[in-house]
Every structure is written in C-alpha cells, then in structure tokens.
1. Within segment 12-27, identify whether any single residue is open to solvent by 50 Å² or more (accessible area, probe 1.4 Å) and within 16 Å of the ligand (Cβ to nearest atom), and answer yes or no.
2. Taking the conditions exactly as written (in contact with a strand residue (DSSP E or B) (Cβ under 7 Å, 6 or more places away or on another chain) and farther than 23 Å from Asp24 by Cα), does Glu135 satisfy them or not?
3. Quickly run through segment 179-199 and pick out the residues that are in a loop (DSSP other than H, G, I, E, B) and either touching a helix residue (DSSP H, G or I) at 6+ places or on another chain (Cβ under 6 Å) or under 27 Å from Leu20 (Cα atoms) (or both).
4. Can you find a residue that is at pLDDT 95 or above and under 24 Å from Asp310 (Cα atoms) anywhere in segment 82-100?
5. Can you tell me which residues in segment 31-57 are part of a strand (DSSP E or B) and either more than 9 Å from the ligand (Cβ to nearest atom) or open to solvent by 80 Å² or more (accessible area, probe 1.4 Å) (or both)?
6. With Phe60, Phe74 as the choices, which residue is part of a helix (DSSP H, G or I), aromatic (Phe, Trp, Tyr) and either more than 16 Å from the chain's Cα centre (by Cα) or within 15 Å of the ligand (Cβ to nearest atom) (or both)?
7. Can you work out which of the residues in segment 92-114 that are surrounded by fewer than 24 Cβ atoms within 10 Å (Cβ to Cβ) and assigned to a helix (DSSP H, G or I) is nearest to the ligand (Cβ to nearest atom)?
8. Considering segment 1-30 alone, what residues qualify as being basic (Lys, Arg) and either in contact with a His (Cβ under 8 Å, 6 or more places away or on another chain) or assigned to a helix (DSSP H, G or I) (or both)?
Amino acid sequence: MTRHLRSIDDLGRTGVDAILRLTDSMVEVGRRDIPKVPALRGRTVVSLFYEASTRTRLSFETAAKRLSADIMSFSVSTSAVNKGESLRDTVLTIEAMGIDALVVRHGSSGVPWQLARWLEGSGVSVLNAGDGWHEHPTQALLDAYTICGEHKAGSLEGLRIAIVGDVKHSRVARSDVFCFAMLGASVTLVAPPTLLPPSLEGWPCDVSYDLDEVLGELDVCYLLRMQQERMTEALIPSLREYSATYGLDRRRAQRLPDGAIVMHPGPMNRGVEIAPEVADLPNAVITRQVANGVAVRMAVLFHLLTGLSDDPTLDA
Ligand code: CP
C-alpha cells in the first residue's frame, strides 16, 4: 500500500475504491453528537501551505482533529522562510520534531515528489494539497464521492461529465479527469483552445470548444475558476466575452437534463464562470463538495497512516 498521496495514480483503482468506502464511515462519524474518534491518537500531522487556501487547509485540519491526531500549522508569513530558509531545510526541520504526515500546498509542480525523496526512510507520509498547475488529488476524491452521492446509481460508471473553463492552469482538472475516467465516467473538457494545456496526450477524455453543444447530454457540469493570477498573457479577449461563451448562466443551466448537477471546486468567480443565481440553485452541489471534503480527508489520513483499507474501528 502507498504511504504517500501525491497523485491519483499513487492510489490506483483499488486505493480510490478503498478511500470512497472509508469515507462513508467518516461521514457517519461526522454526524455523531461528538464527531471525534481516537483512530489517530498520538500521530502528528503538519499542514505546510506555501499558497493561499480556505477549503483544503481547513478541511485537512478538521479531519486530523476529528481523528484525534495532533495538528501543527505552518504559516509561511510568520516562519523562518522569511529569513531565507530553503524548502528542504524547512521540511527537514519539521521532520526532526517527530511527525507522521505532511500536507503540502506549493505553487511549483512536483514539490510533493521532491519532499517524498527528501523524507525517504523517515516514515513520514506526504499528502499533496495542490502543486502548481499539476495535481490536487484530494479534490478529485471529494468530487468523485460527491458525484456518487448525488446520482442514483451511486457510482460514476457511464456518467457524462464536462469540465469547463480554464483547464490550462487547473490542477483540479487533471486530477479529476484521471479519477473520473478511472471510475468509468466519460469526460469532456470544454474550453477555448487557449485555455487547454499544449498537449493532452495520455489524458483519458474528449475535447469540445462549444459548451452549448454538450450541455443537453450531461450528468455533471463541472466549472473551473478562471485563474487570472496565473495568466501571464492575454488568453481570452475579455472576461465578459468568456462569460458569454463559456459561463453557466440561468439560460444554459435550464438546458441541463433533469438530475444533472453543477459543481465547482471553489473559490468561485460569481458572474464569470458561473452566474450568481446558478451557484445557489438546488442542483448546484458546491457546499456539499466542501462538506464531503472533511470526510474524504479523514479517510485519506486514516488510510495512509494506519494502512487499513476497510471499515476501521471508529469507536468514540
Ligand atoms: N478547492 C480548493 O482547493 O480550494 P482552496 O484553494 O480554498 O483550498
């Protein structure tokens, strides 16, 4: 069994299935009067975020606390990084304190793999909370779990999913495509050519440049945030034109088939990729994604730190 979660590939189909199964147990824990179990008592989890985050950071920290792990939060702005300490020295310093897992978000692709190499032999698990434009595996797991919960079949097998928007800069898109396809969904990326990666070789998905063409056949319409902070050149004529062509407004939302859901990883640009009123429709499951994120991250921490794949003993 893998000790790290750097990409969906680290888990494979067996690992993804195990996490989704374990998440059911974690959801049950979350519904208890006291939503806390001793499963990871004595373990220490560190959150090391070099980039801003609301959802991922808070849900990992909540997940660790619900499993009774100790959690250390590293804040770049108040750390010795400001005195010039390198990433390697920072990580080895934290490891020397005696830790079990390192949850890392970094603006550079590949950092979780580098950390795993530096921590080789230490027994510390590395969990990728988003690296550059590359991967965001726990987002993909919580998205898959949310889709399973929203569709009658309880699985992704045969579902038609469109991932719409700024794919080029999206770590969520890559992890979602590989996770959804692994679970049997048919995935289409919908974006202007300038917002797609230069090569999609090996990506198990189709491509469309026309949202209106695919809308009527979808089970899931997954919108991506326009990541203007990562755009170094003008990739679209204007946000207004992007929104008119690729934004999910009320008129387009009405063309989705009955039972289709709208998803977004957050944070949303209301009025750009999604109309403000569409984000609040009953079939927009964005806050359910956030709620499931805590249970999924509990399952991931439990799976990696205990090596257990089946229903754990989660006695209070
Ligand atoms: N979806 C997501 O990664 O959100 P945060 O940046 O708030 O963690």
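1. No, the conditions are met nowhere in segment 12-27.
2. When the stated conditions are applied, Glu135 passes them.
3. Answer for segment 179-199, where residues must be in a loop (DSSP other than H, G, I, E, B) and either touching a helix residue (DSSP H, G or I) at 6+ places or on another chain (Cβ under 6 Å) or under 27 Å from Leu20 (Cα atoms) (or both): Leu183, Gly184, Ala185.
4. yes
5. Taking segment 31-57 first, the residues part of a strand (DSSP E or B) are 44-49.
Answer for segment 31-57, where residues must be part of a strand (DSSP E or B) and either more than 9 Å from the ligand (Cβ to nearest atom) or open to solvent by 80 Å² or more (accessible area, probe 1.4 Å) (or both): Thr44, Val45, Val46, Ser47, Leu48.
6. Phe60
7. Val111
8. Arg13, Arg21 - these are the residues of segment 1-30 that are basic (Lys, Arg) and either in contact with a His (Cβ under 8 Å, 6 or more places away or on another chain) or assigned to a helix (DSSP H, G or I) (or both).
The values are calculated or read from the model by the stated rules, or taken from the named source; none is laboratory data. Remember, it's a predicted structure, so these values are computed and weren't measured experimentally. Here the Cβ is made from the backbone with ideal geometry for all residues, glycine too, and neighbour counts use every protein chain on show. In case anyone asks, the SASA skips ligands and DNA or RNA and just uses the protein heavy atoms, side chains included. Shrake-Rupley method; radii C 1.70, N 1.55, O 1.52, S 1.80 Å.
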